[in-house]
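The values are calculated or read from the model by the stated rules, or taken from the named source; none is laboratory data. None of these values were measured; they are calculated from a predicted model. Cβ sites come from the backbone with ideal geometry, for glycine too, and all protein chains shown count toward neighbours. Surface accessibility is based on the protein's heavy atoms, side chains included, excluding ligands, DNA and RNA. Shrake-Rupley method; radii C 1.70, N 1.55, O 1.52, S 1.80 Å.
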Amino acid sequence: MSVQSITKRKTAPDIRARKGGEPIVMLTSYHAHTAALVDRYCDVILVGDSLGNVMHGFETTVPVTIEMMILQGSAVMRGSQHALVVVDMPFGSYEASREQAFHSAARILKETYCGAVKLEGGARMAETIAFLSERGIPVMGHIGLTPQSINTLGSFRAQGREEGAWGPIENDARAVAEAGAFSMVIEAVAEPLARRITETVAIPTIGIGASATCDGQVLVLEDMLGLWPRAPKFVRRYGNLRPMIEAAIEAYAIDVRSRSFPGPEHVYGMKANS
Ligand code: KIV
């Protein structure tokens, strides 16, 4: 007898259909245990290449490899059941050509079973987004601040700060939507620009530091939990876990050092021989 899963995961078309409707809730996760928690409340789980900063301590996301993304993407798929899981394509795995992008994205889908990939870049990536979308790979775009380009940008500053700089970003948004992406992240842009893009494009916009005018929001889980000390200024903290975890580790260390650590007799009801 074959066993069929009775839970249905959200799909890229489900998210695409949310344009202008109920806001899309998205958070990052890199592990099975956090994915299980995030899955209960989120429409989309992003296995972001921010794992390079948060899990591995790199200064930027540039060193992240496709193997890292596949390992953590698989863990998140095992930990979740309902949300659409989107895995980031890391720097160097898709920019050289649309064929390179297809091979990398197909590998991510086949080895993690995730439902979509995300890649950074606007108009310059439109041809690649169309190539992937036409070949069965749902793509989430990412415009505004694109952290993988840190070495040409020079800093992680907000983009389009003056109205005169909005044109290229609006052009990026249009190009990504027209190329067939099912949604796009807009990172670190001013509210009026995010609003204008959201009103103009036909696909959902998901903001991070881009105001509540977007069709949804995403944050890095460790940032909003107060676990990661270097969270961007725009992040609202919904928890302050770092001191709680530190206090628990300190209490454990004190117990071990003072030999007050509970022994097996507490668990198994064993009595010590005297
Ligand atoms: O890598 C990541 O976590 C991201 C989000 C910040 C959108 O791309």
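Tabulated results
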{"item": "Dipole magnitude (debye, nearest 20) for the stretch 85-161, charges at Cβ of Lys, Arg, Asp, Glu", "result": "180 debye"}
{"item": "Linear extension gain, residue 212 paired with residue 40, 0.36 nm per residue minus alpha-carbon span", "result": "59.7 nm"}
{"item": "Rounded to whole Hz, the Karplus (6.51, -1.76, 1.60) HN-Hα couplings of the stretch 67-75, x for glycine and proline", "result": "5, 4, 5, 5, 4, 6, x, 5, 4"}
{"item": "0 to 90° range, to nearest 10: angle between helix 98-112 axis and the chain longest Cα axis", "result": "30 degrees"}
{"item": "Nearest 10 degrees, 0 to 90: helix 241-257 Cα axis against the chain principal axis", "result": "20 degrees"}
{"item": "Per DSSP, loop chymotrypsin sites (Phe, Trp or Tyr not before Pro) in the stretch 48-124 with at most 11 further Cβ within 10 Å", "result": "none"}
{"item": "From phi via Karplus (6.51, -1.76, 1.60), per-residue ³J(HN,Hα) for the stretch 174-181 in Hz, x at Gly/Pro", "result": "4, 5, 5, 5, 5, 6, x, 4"}
{"item": "Where the stretch 56-187 is the region considered: accessible area per residue in Å², 1.4 Å probe", "result": "43 Å²"}
{"item": "Phi-based couplings in Hz for the stretch 229-238 (Karplus 6.51, -1.76, 1.60; Gly and Pro marked x)", "result": "x, 9, 5, x, 4, 6, 6, 7, 8, 9"}
{"item": "Whole-percent pair-distance distribution, where bins are 5 Å wide, for the alpha carbons of the stretch 12-239", "result": "1, 7, 16, 21, 23, 18, 11, 3, 0, 0"}
{"item": "Interchain or long-range residues, amide H under 5 Å from residue 142's placed H", "result": "119, 121, 185"}
{"item": "Listed residue (238, 20, 64) projecting farthest to the positive dipole end of the chain, Cβ model", "result": "238"}
{"item": "Gap separating the Cα centres of the stretch 103-146 and the stretch 75-100, nearest whole Å", "result": "8 Å"}
{"item": "Percent of C-alpha pairs per 5 Å bin, the stretch 51-133, short to long", "result": "3, 15, 26, 23, 20, 11, 3"}
{"item": "Exposure of residue 155 as accessible area (Å², to 10), given a probe of 1.4 Å and all protein chains", "result": "40 Å²"}
{"item": "Hits among lysines - C-alpha to C-alpha of residue 19 under 23 Å, sequence gap 8 or more where chains match", "result": "8, 10, 118"}
